[in-house]
Amino acid sequence: MAPSDDFRLENLTIQNDYALNPANPPSQAVALSVTGDRDVITRVRLLGAQDTLFAGKGPNGRMSRQYFSNCYIEGHVDFIFGNAKVWFRQCELHGIANQAVIYTAQSKATPDEDSGYVFDHCRLSADPAARYIALGRPWRSYATVVFLSTKIDARVIAEGWREWAPGETNKLSTSYYAEYRSFGIGANPSGREPHSHQLKDGEAARWSLRVFFAGVTDWLPTNHQVRTKSNVHGEGVPRRSSDE
C-alpha cells in the first residue's frame, strides 16, 4: 500500500504470489496499491496476475497524481487499473500466460474528472502462452488511456481495445483510447477499434508530460526534467530514441 502523499519507492520487487498456488481460485490479487498524490515509483518490479497494480484516487475521492519510471509490471486481466492521473515513463508491461491479457482497466467515471493513464516510450510484451491480448478495456464509461511511442512486442488483438463486457456494455463510445506512433508486431493503426484514436503530432502534444500535469512538475525527479527537455520536439511530443 502507498496511501501517503509525496511517497517515493525505488529499487524493489513487490510480488503477490496468490496466483502461483494452483489450489487458489481465480481472484483479484493486488501487489501494490498507490493512492497518494505526487507519488513517484522508480525501478520497481511489480509481479502478480489479475489486478497487479491499483493506481487510484486518494482519501475522500481526491484525484491523485502519480509517476512511474523504468518499472516492470506483469500480470494478466486488468493488471493496471484504477482512476488516477498517472504517467508511466519507459516501463515494461508484461502479460503472463493466461487465456486473456488486458493491460489496462482505467476507471474515469465522469467526463469532468481530471484523470487518465499515459504510457510514454514504454514496451508491451507477453509470454508465448498468453492469449487474447488487449491494450485495455473501460472499467468505467470515460476510461482514458494514451500510449505514446510504444513498442508493442506482443500480439495484441487487431482492434487493440475491447468492450468491458462485450454484448452487454457500451463504454467504448464514451471512453478515450489513443495511440501515437506505436510500433512493433502488435501495432496496427488501420485495424484498431473505430472509437479509438491514432494521434497526429499536434494532438499528441496535448498529452506531453508538462501539459498532462498542467505545468506542475516540480515534484518529479530532477533527472526526468532534464531528459524530458531532450526528448521532445515541436510542442512537446516525445521522439523515438535512437535505440528504437
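The values are calculated or read from the model by the stated rules, or taken from the named source; none is laboratory data. For clarity, every value in this text was computed on a predicted model and none was experimentally measured. Don't worry about glycine lacking a Cβ; one is built from the backbone with ideal geometry, like all the others, and counts go over all protein chains shown. All accessible areas refer to the heavy atoms of the entire protein, side chains included, with ligands and DNA or RNA removed. Shrake-Rupley method; radii C 1.70, N 1.55, O 1.52, S 1.80 Å.
For Lys57, a cut-off of 25 angstrom between C-alpha atoms picks up these lysines, skipping any fewer than 8 places away in its own chain: Lys85, Lys108, Lys171. For the chain, the spread of Cα positions along the three principal axes, ordered from largest to smallest, is 50, 42, 38 Å. Residues whose amide H comes within less than 5 Å of that of Ser208, counting only those at least five positions distant or on another chain, are absent (H built at 1.01 Å from N in the peptide plane). Taking a point 7 Å from the Cα of Val211 along the Cα-to-Cβ direction, none of the residues of region 30-65 has its backbone N closer than 11 Å to it. Please build a GNM for the chain, connecting alpha carbons under 10 Å apart, and tell me which residue among Glu168, Glu113, Glu159 fluctuates the most. So, out of Glu168, Glu113, Glu159, the one fluctuating most is Glu168.
Sequence-distant contacts, meaning Cα pairs under 8 Å at least 6 residues apart, place the relative contact order of region 57-180 at 22 percent. For region 3-120, the pair-distance distribution built from all alpha carbon pairs, in bins 10 Å wide starting at 0, is 15, 48, 30, 7, 0 percent.
With the Cα gyration tensor of region 29-91 in hand, convert its eigenvalues to equivalent ellipsoid semi-axes via √(5λ) and list them largest first in whole Å.
Values: eigenvalues 65, 41, 14 Å².
So the equivalent ellipsoid measures 18, 14, 8 Å along its semi-axes.
Dividing the convex hull volume of the alpha-carbon atoms in region 70-110 by its residue count gives 60 Å³ per residue.
In Å², and per residue, what accessible area does the chain have when probed at 1.4 Å with the other protein chains present?
Details: 10860 Å² over 244 residues.
Per residue, the chain has an accessible area of 45 Å².
Hey, can you rank 212-218, 123-129 by average C-beta count inside 10 Å, highest first?
Working: 212-218: 13.1, 123-129: 16.7.
Highest-to-lowest ranking by the protection proxy: 123-129, 212-218.
For the chain, which whole-number percentage of the solvent-accessible area (1.4 Å probe, protein heavy atoms only) is attributable to carbon and sulfur atoms? Ligands and nucleic acids excluded, carbon and sulfur give 49 percent. Say we join alpha carbon atoms closer than 10 Å with springs in a Gaussian network model of the chain; which of Asn16, Asn98, Asn60 then has the biggest fluctuation? Sorting by GNM fluctuation, first place goes to Asn60.
Solvent exposure of Lys151, expressed as accessible area, is near 80 Å², computed with a probe of 1.4 Å over the protein chains only.
For region 1-47, the average shadow cast by the Cα convex hull is 3.4 nm², which is a quarter of the hull's surface. Checking every one of the chymotrypsin sites (Phe, Trp or Tyr not before Pro) in region 4-91 against DSSP loop status and a limit of 10 other Cβ atoms within 10 Å picks out no site at all. Taken one residue at a time, the phi angles of region 139-144 give Karplus couplings (6.51, -1.76, 1.60, θ = phi - 60°) of 5, 10, 5, 10, 3, 10 Hz. Gly and Pro are set to x. Report summary: the helix-based calculation at 222 nm, which adds -39500 (n - 2.57) for every DSSP H run with n ≥ 4 and divides by the residues of the chain, gives -1500 deg cm²/dmol.
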